[in-house]
Every structure is written in structure tokens, then in C-alpha cells.
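Structure, as C-alpha cells:
Nothing in this text is a laboratory measurement; each read-out follows from the coordinates by a stated rule. In this text, all values refer to a predicted model and were calculated from it rather than measured experimentally. We place every Cβ from the backbone using ideal geometry, glycine too, and count neighbours over all the protein chains shown.
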């Protein structure tokens, strides 16, 4: 065998061994998190908690469904103490799958409004994201906008850009509408909306905003934090695009703006239960709430905490009061409905 | 078949009916092959079975009754999934052939300005993850992008005034995937062209065949097994792609699987969709095998020296240079330049001390997995050569299916059996020793490595098998007759002759693992990130500019191996010649 091969093998084996032996401990003074929230948007907060409480925090990030699957298949042996997701529907699904446990904490109940947590304490919302209408300042008068329902009106024909129905944001928006108006009405709305599409759905939320800015369409639906991210983007084109659009809060006279939450629940088999609850309470505290919401341009769940300056500039809105757990329940129906409506 | 007497009487030429005795003999031999499963085949079958476990898990899940989702799918989107997947597969296959084969033919059999340089540079697009190229081109070419904006400003056009090809579409996805996947075809084609005997080329030239005719009638058919192997790899990868088609809004099996699983909460129906995808792949593999059947592509003669490169001068040379520059420009230079522009701006903010562990993890995982997979591929490829029992064949093919399945599906297929093993061991330890062993495999690097093996084995196996098929069986026979053990044949005859193929296998897997995301994401341990994970986390938050530094790091980490790879192929030929 050539020498280069031998060297390669030796190096790799040594390296892998060092990685393998570096297994996560489950000693005391630790808490292990499965997080669907990206590392950048949570790690600094966890570091703060570590410093304050003297508890080591171990983190794995990933997609929520996959993390839930991992939690389920690991069963009683799971090392995870806390499941953190960016979508209330997934938390509700986790509860249903039996991988969460109820936590009764006065501190949490006092700070988090009832619409943003599980009625029995299986999970708690930590930040709120809103999905308003984004419109082109130069072509659309805010007075012409009113509700989500109105976007299906023929006057918007060829003027609506929307992301694919693969996006969980659109799925939960439609699920919310089903919750309020039932399937038949929502399906008729979805068909009307599809008829108004300026182009087949594609791209992410930022792409929709850019399309509005460039004149490909006049209105779109996007989560506020994408617009917030564009305003501070490292890409000048994104900054310029963000300056050409504005936020409209729909539904002042109807159900209100569609909202969803990121949140967390303690796992059923948590070995560090006390630490996990302590971390949850820390994340609901004032300073943490402010940081957690601000780093992603979301709204704090605690109504006493003021949102960031960027968000304040977009004005106040009436949030949908439907319990966010309902969104998860109706999600499959929403996906089927969008398939039927031809929403790609 | 019943031949009427008069037809039998007329049948003078082929097809010749097999005499009954010969037919019986053939059947007996075929049965004999089934019967002679000796113990030596068992390890091979065992290893292959383990590697097929994730896919088998998915198939088992698919056997359960699904909810009402199927009816719904059949009524609405299933036809789209099937058609789009089919077009994607065919389109990417054709695209990679169109780019990869002429390029390989030019650089391996001709001499023109920049040839030496193109020889390795043409491999560079391989280092670019498909979804990254999709993001960068969308940024450049979509309605809001700089190109169309400039056009609109220059000519005072508005939206209805002009037509511009839509990048985020099925053809767009085909082009994106073809641009980063063609190196697989190029690589194998080039090795095959270099390997073709000079005698054949000379004979065809003596017979008056021009360069074009020699390419179409001689080089191409002789390179067929390599081309088909390359294209089937590429097509499997295209079928497994999720990032690009999802971003482009093209509904395929892959996007469907996730939609059903995530959106409709139906894991069983998702597994059934995955099973259908496997059916596609299976058809593909059968086609590949059938096309290779019986044909032998090793050289029978001894005269086998490197063909002289045909010089191309003047316009021909310039054309050749341009033809080779195109795929390089679009597949590498443009996306890498876009990444570099973004990275220059965001790197100061994004790069910190956390970068080095990311790089170290990526490189370690990639090199460890590459060696492991190479060893497994050698074991299976060699087992197949020594003991071509149908059961061995079947097991090895089953182990290769993982490549065409989206990484997430493979990962779930790893998660379930590993957790079951952990539970079993834990229960046993509790019952006998009263201690809990907890999780031994789940959530460790071992699980990640296993997923890589299940997914990338075919990449290495294709290369190893292609290498083995070029070694004349008479060499094995001669060595054995001279008293060498099977292990001795491997060590002293095959390994030195295979060195080029082994390097190719090693480096291909290395680059693939470097880019791999979904299995790493789901299976990795706590506090363990890679470059691909970091890129994904930022890109999926639509922070493309912020993700550029890490994407660029993946590309750069892949370039080194790509250059090594090219040198390895260059050496293949000399090694071959060195062994008389």
C-alpha cells in the first residue's frame, strides 16, 4: 500500500477517535437542547444562561420534524431535556406524540399570554412572528388594502407574489383561516388568490419582497423578520429593495394578523428537568425576551416588553387570537386544500 | 418458442435456436450458480445487508397502511411529481453527457491551448453544492436581479415588454444540476478515453476514419460502461436533490416526500413516496446493468500504450479552448465569484473563532468517511468479482440504493434501527447487570458515519468496479495458478493496478461528504457543527450574503482534493503501463 494512503488512514483514525471520545456528558449542571431555532439566534442567550446559572448548555440544531423524529425514536433514553421549535404546530404535534411533559410554573404563566402557550403547560411560546402584507410604496395605496381575504379579489389579478405552499408559513396562515372560516370558504379564497398570482410560487420570503420592490408584482405575504433582515443585510441590493416596500397590517376589522410562535417544551424523559425549567423561565425573563425577539426581528411574547425600534416603526397591529396550537392541528387540512387550489 | 418446421428449415443465419441439450446445460449452470453459495460470500452479504438497512427500514415503513393522503395525492399533485422527476432525471443525464463527454474527449485525446490546465480545472464545479449554485444564479438572473434590472433600465422596458428565461423552473433546475454534476461524467469518461488502446485508434485511422467518426464510432462506444456509470450516478443524485428543486418551486418526489411528511404529518405515506422513488432508481440500475451485460471492456491484447494526443491548432484549438472554458465559467467561476463578493463584505462579521472547529469537523468527517467507504467498496467490489453469486449481486445492488434517496430519508432510516439497537442493548444490560447503557450509537459520530456509508457507497463502488473490470481475469488466474492466495492477488496484483481508481473513489466521496447536509444535520451529536451545517443555517434564514464565507470554505476545501484527483487519473495510465 502506498505511503500516502497509510498517512491518510492514520491521521483520520486519530482524528475520528478524538471526536468519538468527546461524547456529550449527562452529568449534573447540564441541560441538553434539541433546537429548530438556528444557532445564531439562540446561542448567545444560552451562553448568558450558562454564565448566570452555572449550567452547561449542549445544543443540537436541525429541522423540527427531524428533531421530533429523533426524540421519538430515542424514547426513554433520549439525552434531550428541552425541545425548541419555531412553530407552535410542531410543539402541539410533539405533545401529541407523547414526548413532552407538563410544567406548571407561575413565572411562565404570568409572563406568557394564554394564546401563546399550551393550556396544560406542555409548551410555552417564547417569541411571536407576524405575517403581514408587504406592498410596493410607489404603486399601492395602503387604503386599497384591507384583509388577507381581499387579496383574492380580481382587482389584484397578476399583482400578487406568493411563496410556495411548501412553506410552513403559508401552511399555517391557511390553517388559521380554516380555523376561523371553515374549509369551503378558505378554499374559495385560495383559488381566488392563485388566480391573482403574478407568477408561479417560488423562492423564499426575501425573494417575494425583492420581486415587489423590482415591480414583478405589487403585494406579497412575508414574515416581518425577513424584511428586518433585509434592512440590515450585507447585500446592498437587499437594502435598496427593503426601502421600496412597506408593511400593511391586515384584518383590523376581522380576525387580525396571522401570528405564530417559536417556543419550547420540556421532554417527557428529561434527566435535567429542573435545569430545563430554569432555562425556560430565563428565556421568558425581560432581558432575554428583549434579546430573543430582537435578534430575529420578532415580537416578544410578553406584551409588557416593547419590540425593537425597527418593529415599532412598522406600527401596531391586532394579532389573531386563535390559540396557536390550533394551527398545527389544521396544518394537514391546509396543505391538502392548497394542493386542490393549485397553489404550487 | 415453437418454431414451425418450414421456418426451422429456412433458418440458416442467426438467430440460431439453442439445441435442447445446450439449453438444459445452461439452465443447470444457472441453477448451480444459485446453489453454490459458499461461506466466503457471507461476510459480503452481511456487510451489504447492513448498508442496505436504512433503505430497507424505509421500505418496511412503506408497507404499513397509509392514511387517506394517497387518494388526495393521486387526485392533485402526484402526476406532477412523476413527470417532473422524470424530466429532471433525463434532462440532467443528457446535460451532463453533453458537457462532460466532449470536454473529456478534447482534453484526453487532443492538444490545444490551456489543455493541461483544463484537465483539472474542469473538475472544479464538483466542489460547489447544488443549492449554492441555484442561489447564486437566482440572485443574478431573476426578475429583481442585476441583469434584468439593467436590461429594463437600458431599454425602458417594463414587465410585459420582454421575455426572459425563468431561472426558477424545471429547465433552470436541470441546468443548475447539470453544471455541478457533469464532472462525474467527465471524470469517468476521461479515464475511459485515456484507457483506450492506441492500437484501436490507429486501426480506425488507417481505415480512413476522420476525427469525428473516430469519436462517434470508436471512442464513444468503447467508453460506454464508464459513461453509463457516470450518468446513472448523476441521475441518482439529481433524483435525491432537495435544495434546488425546493427553492425553484419544482414539485418532485423529493419535495413531495417532505410535503407529505412535514405538512400532512403522514410519515407512512412519505415512506411510500420514497419507495416509489426507489422504484425509479431500481429501473435505472437495471437499465445500467442490462446495457453492460456480457460486454467485456478490458483489453485482450498486450500492446496498450498511451495514445498520442492529436494537436489542434488555429481555429480548432481556439474552439476547443472555448468549449472547455464554458462549463468551467458557468459551473465554477461565476458562482464562486458571486460567493467571494458576498464573503468579502460579510466575512469580518461572520468569521470568528468558531470557524476552525467547523473546518476541522468537516475535514475529519469527510476523510474518515472516505476511507471507510473505500474499504467497504473494495470488500464488496472484490467479493462480487470473486463470487458472482446472484445473492451477492443482489445484496450489493441493494446496498447501493441509498444514493438516490434524499439524505433526510436515509438519516431517518439510520435513526430508527440504531435507536432500536440502543433500546435492545439497554434493556439487556438493565435486566442482567442492573445498569443502563443509555444511547450507544444514536447521536454519535458513528451514526453520522454509518449514514454516509449507506448513502455514498455507490460512488466508491462504481469507481472500484470500473477499475476491477479493466483488469483481465486472466491475471487473477495466473496469480492464483502461481500459488498466490486471494488476499495476495488483491494486495500484489489488484491494489497497485487499482491505485488510480481508488484515489478517484476516495476523493469523490470526500467531496460528497464535505457537501452533505441532511444526514449530518439530523444525526450529529451535541455541539457539533460542520461547514455545510453552518452554511445551511444561514442560507435557510435567507441570509445568503452571510452564508457566503462558509459556502466558499466548502468550495475551497473541495478544490485541493479535486486537484489531487486529477493528478491521480493522470497517474492511472502510467501505473497500468508499469505492470506488464
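Any idea what log10 I(q)/I(0) is at q = 0.16, 0.20, 0.21, 0.27 Å⁻¹ for region A:268-310, Debye with uniform C-alpha scatterers and no solvent?
Evaluating at q = 0.16, 0.20, 0.21, 0.27 Å⁻¹ gives log10 I(q)/I(0) of -0.47, -0.62, -0.66, -0.85.
Considering just Cα atoms, how many Å³ per residue does the convex hull of chain B enclose? Walk me through the intermediate numbers first.
Values: hull volume 137.0 nm³, N = 580.
Normalising the Cα hull of chain B by residue number yields 236 Å³.
Can you tell me the relative contact order of chain B? Whole percent, Cα pairs under 8 Å, sequence separation 6 or more. All intermediate terms of the calculation are to be shown ahead of the outcome.
Details: 737 pairs, mean separation 131.7, N = 580.
Answer for chain B is 23 percent.
Roughly speaking, what is the stretch gain from residue B:111 to residue B:340, that is 0.36 nm per residue apart minus the C-alpha to C-alpha distance, in nm to one decimal?
Values: separation 229, 0.36 × 229 = 82.44 nm, distance 3.24 nm.
Stretched out fully, the residue B:111 to residue B:340 stretch lengthens by 79.2 nm.
Residue B:354 versus residue B:563, label points 7 Å from Cα toward the beta carbon: distance in nm?
Result for the modelled spin labels: 3.1 nm.
Counting helices only, and only those DSSP H runs with n ≥ 4, report the 222 nm mean residue ellipticity of chain A as the sum of -39,500 (n - 2.57) divided by its residues, in deg cm²/dmol to the nearest 500.
Working: 14 runs with 152 residues, N = 344.
Roughly -13500 deg cm²/dmol at 222 nm, from the helical runs in chain A.
How large is the Kirkwood hydrodynamic radius of region B:131-201, counting all unique pairs of alpha carbons, in Å? Display every interim value, and only then the final one.
Numbers: mean 1/r = 0.0663 Å⁻¹.
Every distinct Cα pair counted, the radius reaches 15.1 Å.
Where Rh is the Kirkwood radius over the Cα pairs of region A:224-287, the temperature 25 °C and the viscosity 0.890 mPa s, what D in µm²/s does Stokes-Einstein return?
156 µm²/s
Give me the Debye-computed log₁₀ of I(q)/I(0) at q = 0.16, 0.28, 0.32 Å⁻¹ for region B:106-149, equal point scatterers on Cα only, no solvent, two decimals.
For region B:106-149, the Cα-only Debye profile gives -0.63, -0.88, -1.02.
Taking every DSSP beta bridge with both residues inside the protein assembly as shown, roughly what % is antiparallel (nearest 5)? Write down the numbers at each step before the final one.
Numbers: 21 of 36 bridges.
Taking every DSSP beta bridge with both residues in the protein assembly as shown, the antiparallel ones total about 60 percent.
Using bins 10 angstrom wide from zero, how does P(r) for the protein assembly as shown break down, in % of all Cα pairs?
Result, from short to long distances: 2, 11, 20, 23, 19, 12, 7, 3, 1, 0 percent.
Using R₀ = 45 Å, calculate the FRET efficiency as 1/(1 + (r/R₀)^6) where r is the Cβ-Cβ separation of residue B:216 and residue A:310; round to 0.05.
On the way: r = 63 Å, r/R0 = 1.39.
In this case the efficiency is close to 0.10.
Viscosity 0.692 mPa s, temperature 37 °C: Stokes-Einstein D of chain A from its Kirkwood Cα radius, in µm² per second?
On the way: Rh = 21.5 Å.
D = 152 µm²/s.
With the crude spin-label approximation of a point 7 Å out along Cα→Cβ, what separation in nm comes out for residue A:185 versus residue A:53?
Computed distance between label sites residue A:185 and residue A:53 equals 4.3 nm.
Listing B:433, B:164, B:450 from the residue with the fewest other Cβ atoms within 10 Å to the one with the most, what is the order?
Numbers: B:433 9, B:164 14, B:450 24.
Fewest-to-most ranking of B:433, B:164, B:450: B:433, B:164, B:450.
Seen from all sides and averaged, what is the projected area of the convex hull of the Cα atoms in region B:381-438, in nm²? All intermediate terms of the calculation are to be shown ahead of the outcome.
On the way: hull surface 24.4 nm².
Computed as one quarter of the Cα hull surface, the answer is 6.1 nm².
Distance in nm between label sites at residue B:42 and residue B:98, each 7 Å beyond Cα in the beta-carbon direction?
Each label point lies 7 Å from its Cα, and together they span 5.3 nm.
Taking only the alpha-carbon atoms of region B:161-230, what semi-axes of the equivalent ellipsoid follow from 5 times the gyration tensor eigenvalues under a square root, in whole Å, largest first?
Details: eigenvalues 250, 51, 11 Å².
Values for region B:161-230, descending: 35, 16, 8 Å.
Assuming R0 = 51 Å, what is the FRET efficiency of residue B:50 and residue A:286, from their Cβ-Cβ distance, to the nearest 0.05? Can you show the working numbers first?
Numbers: r = 53 Å, r/R0 = 1.04.
Here the calculated transfer efficiency is 0.45.
Of all the Cα-Cα pairs you can form in region A:90-168, what percent are over 20 Å apart?
The answer is 56 percent, as a whole percent.
How far, in degrees from 0 to 90, does helix A:64-74 lean away from the longest principal axis of the Cα atoms of chain A, to the nearest 10?
The angle comes out near 30 degrees.
Taking the beta-carbon count within 10 Å as an exposure proxy, list B:516, A:329 from fewest neighbours to most. If you can, show how the numbers build up before the last one.
Details: B:516 25, A:329 17.
By the 10 Å Cβ count, ascending: A:329, B:516.
Using a Förster distance of 60 angstrom, determine the FRET efficiency expected from the C-beta separation of residue B:279 and residue A:274, and round it to 0.05.
On the way: r = 51 Å, r/R0 = 0.84.
Approximately 0.75, to the nearest 0.05.
Please state the relative contact order of chain A as a whole percent: Cα pairs under 8 Å, 6+ residues apart?
Dividing the mean separation by the residue count of chain A yields 28 percent.
Hey, could you grab the Kirkwood Rh for region B:361-580? Inverse mean 1/r over distinct alpha carbon pairs, Å, one decimal.
Numbers: mean 1/r = 0.0514 Å⁻¹.
Its Kirkwood hydrodynamic radius stands at 19.4 Å.
Full extension from residue B:158 to residue B:82: what is 0.36 nm times the residue separation minus their Cα-Cα distance, to one decimal in nm?
23.8 nm
Quick one: pull the percentage of alpha-carbon pairs in region A:158-231 with a separation above 21 Å. Working shown, then result.
Numbers: 721 of 2701 pairs.
Counting every Cα pair in region A:158-231, those more than 21 Å apart make up 27 percent.
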